[in-house]
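Engineer: Sending over a structure as structure tokens; questions will come in a sec.
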Amino acid sequence: MTQASARSLDVPADATIPSRHPKAPGVGERIPPHNPACRGCADVPGGIHMESWVDDDRGEGGDPGVGVAVRSRMAVTDDMQGGPGLIHGGYLMAAFDECLGSVAPLVTRSCVTARLETDFRAPVPVGTTLWLRARLDGVLRRKYFVSAEARLDSEDGPLVGTARALFVQVDLQHFLRHGRAEDLEAIGASAEQIRAARG
Ligand SMILES: CCCCCCCC/C=C\CCCCCCCC(=O)SCCNC(=O)CCNC(=O)[C@H](O)C(C)(C)COP(=O)(O)OP(=O)(O)OC[C@H]1O[C@@H](n2cnc3c(N)ncnc32)[C@H](O)[C@@H]1OP(=O)(O)O
């Protein structure tokens, strides 16, 4: 296998789709912030204030399915401006990252974004609301393949963006080893845990 194909976002033929974890929120339930300081999902100044819910997976062609999916909403505010009156592309990518990143934790432990590909299909004016929907397309080893779409002002509004991503499952050591100590301590990690993770 070449390096290019090994890193592709195409779902491998031997990928599987596990069920939601029994302790994960159920369909329709709000997904709580994964970190109280997260600029994606927590209620903090400067954040994008994304709200997310567990969605049912309608599957290909709208068929009812048993998969894993997330629905998210983000108000496009004045401070997200790039072009005059339009969203900056990085904010749309942040919205996708947050929505896509909420999918894998419904079946496993923490995951981080390894790769994110976004197609900007139509301009997004400020003052609108983005509705996003992401689904799990397949899992292989620690790799979670997900895809999403973003629509304007309603769940069936005009399509303004699509994205595909790969999330990689990591353990707590990832955060203990790499995160700033004061932020880890703020969510309950001890100085000793942090020291131990860093060797
Ligand atoms: C007491 C409390 C303590 C703490 C509590 C913490 C709670 C936290 C809770 C919840 C947090 C959730 C936060 C979500 C936030 C939203 C999502 C983000 O924005 S995340 C930020 C941006 N992303 C990164 O910063 C990743 C930086 N990258 C890395 O750390 C590594 O590169 C990582 C983990 C992604 C992979 O490194 P490897 O060494 O673990 O694993 P390898 O072997 O390299 O990759 C595994 C497989 O993935 C493929 N892979 C890796 N990177 C790839 C890429 N870019 N493209 C394609 N494939 C890739 C590889 O080819 C390999 O595949 P094969 O199994 O061999 O087939």
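Engineer: I need the shape label for the chain. Rule: rounded when a/c is under 1.5, else prolate if a/b > b/c, else oblate, with a, b, c from the alpha carbon gyration tensor.
Structural biologist: Values: a/c = 1.57, a/b = 1.16, b/c = 1.35.
Taking the square roots of the gyration eigenvalues as a ≥ b ≥ c, the chain is oblate.
Engineer: Still on this structure, I have one more. How high is the relative contact order of the range 1-54? Use alpha-carbon pairs under 8 Å, at least six apart in sequence, and give a whole percent.
Structural biologist: Numbers: 46 pairs, mean separation 13.7, N = 54.
Across the range 1-54, relative contact order equals 25 percent.
Engineer: Once both labels are modelled 7 Å past Cα along the beta-carbon direction, what's the Arg109-Asp156 spacing in nm?
Structural biologist: Going from the Arg109 label point to the Asp156 one covers 4.2 nm.
Engineer: May I pose another question? If each of Ala6 and Val27 carries a label point 7 Å out from its Cα toward its Cβ, how far apart are those two points in nm?
Structural biologist: 3.9
Engineer: Another question about this same structure. Expressed as a rounded percentage, what relative contact order does the chain have, with Cα pairs under 8 Å and six or more residues apart?
Structural biologist: It comes to 19 percent, rounded to a whole number.
Engineer: Can I ask one more? So what is the relative contact order of the range 150-199, in percent, for Cα pairs below 8 Å that sit 6 or more residues apart?
Structural biologist: Details: 26 pairs, mean separation 12.4, N = 50.
Result for the range 150-199 is 25 percent.
Engineer: Where does each of Glu192, Glu149 land when they are ranked from fewest to most other beta-carbon atoms within 10 angstrom?
Structural biologist: Working: Glu192 8, Glu149 18.
Least to most surrounded, the residues fall as Glu192, Glu149.
Engineer: If you place +1 on the Cβ of every Lys and Arg and -1 on the Cβ of every Asp and Glu, how big does the dipole about the Cα centre of the chain come out, in debye to the nearest 20? Before the final figure, lay out the partial values.
Structural biologist: Numbers: 22 positive and 26 negative charges, 145 e Å.
Taking the Cα centre of the chain as origin, the dipole is about 700 debye.
Engineer: Also: FRET efficiency for Thr77 and Ser19, Cβ-Cβ distance as r, R0 = 30 Å, nearest 0.05?
Structural biologist: Values: r = 36 Å, r/R0 = 1.21.
After rounding to 0.05, the efficiency reads 0.25.
Engineer: About the Cα centre of the range 77-129, what is the dipole size in debye to 20, counting +1 per Lys and Arg Cβ and -1 per Asp and Glu Cβ, all else neutral? Let's see the in-between values first.
Structural biologist: Working: 3 positive and 6 negative charges, 42 e Å.
The dipole of the range 77-129 has a size of about 200 debye.
Engineer: Which of the listed residues, Met80, Leu184, Thr118, is farthest toward the dipole's positive end in the range 55-199, when Lys, Arg count +1 and Asp, Glu count -1 at the beta-carbon?
Structural biologist: Leu184
Engineer: Where nothing but the Cβ of Lys and Arg (+1) and of Asp and Glu (-1) is charged, how large is the charge dipole of the range 106-199 around its Cα centre, in debye to the nearest 20? Show your work: numbers first, answer last.
Structural biologist: Working: 14 positive and 12 negative charges, 101 e Å.
For the range 106-199, the charge dipole is close to 480 debye.
Engineer: Let me ask you something else. Step through the residues of the range 137-148 one at a time and calculate ³J(HN,Hα) from phi using the Karplus curve (6.51 cos²θ - 1.76 cosθ + 1.60, θ = phi - 60°), rounding each to whole Hz and writing x for Gly and Pro.
Structural biologist: 9, x, 10, 9, 6, 8, 9, 10, 9, 9, 9, 8
Engineer: Moving to a separate point now. Order these peptides, 30-36, 102-108, 19-25, 85-91, by their mean beta-carbon neighbour count within 10 angstrom, highest first.
Structural biologist: Numbers: 30-36: 14.4, 102-108: 21.9, 19-25: 11.9, 85-91: 16.1.
Per-residue Cβ counts within 10 Å, averaged per peptide and sorted highest first, yield 102-108, 85-91, 30-36, 19-25.
Engineer: May I pose another question? Of the candidates Arg142, Arg115, Arg180, which one comes out as most mobile in a Gaussian network treatment of the chain with C-alpha springs shorter than 10 Å?
Structural biologist: For the chain, modelled as a Gaussian network with Cα springs under 10 Å, the answer is Arg180.
Coordinate-derived values only; no laboratory data. Here the structure is a predicted model, which means the values were calculated and not measured. Every residue, glycine as well, gets a Cβ built from its backbone with ideal geometry; the counts of neighbours run over all protein chains shown.
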